[in-house]
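The structure appears right after this line, and notes come after that.
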Amino acid sequence: MRAQKITLATLALVTGLTLTACQGDDTAASTDDAAPAASSPAGDDGGPGKEAAEETAATSGDTASDAPEGSGGGQINTGPCKTANLDISSAHGMGEGTLHIAFKNTGDACFLKGFPGVDLKADSGPGGINANRSDLATPSVVLKTGESTRATLHYPANHSDGSGVDITLLDITPPNETHSKTVPTKINVPVTDHSTSDEVTIDPVGTRKQ
């Protein structure tokens, strides 16, 4: 009887340990099954987290792309100057028989090279005098906005006893242009037997800065 009791007690102990072990395995299995769901970051499968991140990236923008276009990156345009962007005026030179014609750039940077066309108009009567080109070399002059250069017109001074011819207007065409501007002036040239126009010459822009 005693042996039977010991056997039953041993069996009960073994059974209890087996049940405890089984319960422990079930608990571990439950924990393992739950772990992937808990450790998976939100949005990995295209959920709300990923959509929010994509929306933020799409609306954040690039501040560099908001910079205004057409700044030119510090470079300047050095194309030929246009008549429309030149303020043209005239003034008497220091020497007798010289007239300075100034070209002031009111547009973007540009350049002038060559001889301007100059027609001298009298205050009365048809026609006029076309200035001839001098034999000076033609430099290239770059004008930034607001800068000026000039060309010098040479004409015969009136030293005669006669009244001469009053020139009141100049039709001036910048180099490499077809459009002209009319500029008021006041010079007097003599009336002679030979052609006065032979003595009227224009220098290229950027020369004789006296």
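The values are calculated or read from the model by the stated rules, or taken from the named source; none is laboratory data. Nothing here was measured: the structure is a model prediction, and the numbers come from that model. Because the Cβ atoms are built from the backbone with ideal geometry, glycine has one as well, and the counts that use them run over all protein chains shown. All accessible areas refer to the heavy atoms of the entire protein, side chains included, with ligands and DNA or RNA removed. Shrake-Rupley method; radii C 1.70, N 1.55, O 1.52, S 1.80 Å.
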Item checked: Restricting the range 177-204 to residues that are modelled with pLDDT under 95 and part of a loop (DSSP other than H, G, I, E, B), the residue that is farthest from the chain's Cα centre (by Cα) -> Asp193
Item checked: In the range 97-108, the residues that are closer than 18 Å to Ala84 by Cα and surrounded by 18 or more Cβ atoms within 10 Å (Cβ to Cβ) -> Ile101, Phe103, Asn105
Next item on the list: Looking only at the range 148-168, decide whether some residue is touching a Ser or Thr at 6+ places or on another chain (Cβ under 6 Å) and among the aliphatic types (A, V, I, L, M).
Entry: no
Next item on the list: Inspect the range 124-146 for any residue being loosely packed, with under 15 Cβ neighbours inside 10 Å, touching a Lys or Arg at 6+ places or on another chain (Cβ under 6 Å) and of a type outside the set (A, V, I, L, M, F, W, C) and give the result as yes or no.
Entry: yes
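Residue-by-condition table, conditions (1) among the acidic types (Asp, Glu); (2) over 26 Å from the mean Cα position of the chain (by Cα); (3) closer than 18 Å to Glu177 by Cβ:
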{"residue": "Thr78", "(1), (2), (3)": "no, no, yes"}
{"residue": "Ser89", "(1), (2), (3)": "no, yes, yes"}
{"residue": "Gly95", "(1), (2), (3)": "no, yes, no"}
{"residue": "Ile101", "(1), (2), (3)": "no, yes, yes"}
{"residue": "Gly114", "(1), (2), (3)": "no, yes, yes"}
{"residue": "Thr152", "(1), (2), (3)": "no, yes, no"}
Check: Within the range 147-176, which residues are open to solvent by 20 Å² or more (accessible area, probe 1.4 Å), in a strand (DSSP E or B) and not aliphatic (A, V, I, L, M)?
Finding: Ser148, Arg150, His154, Asp166, Thr168, Asp171, Thr173
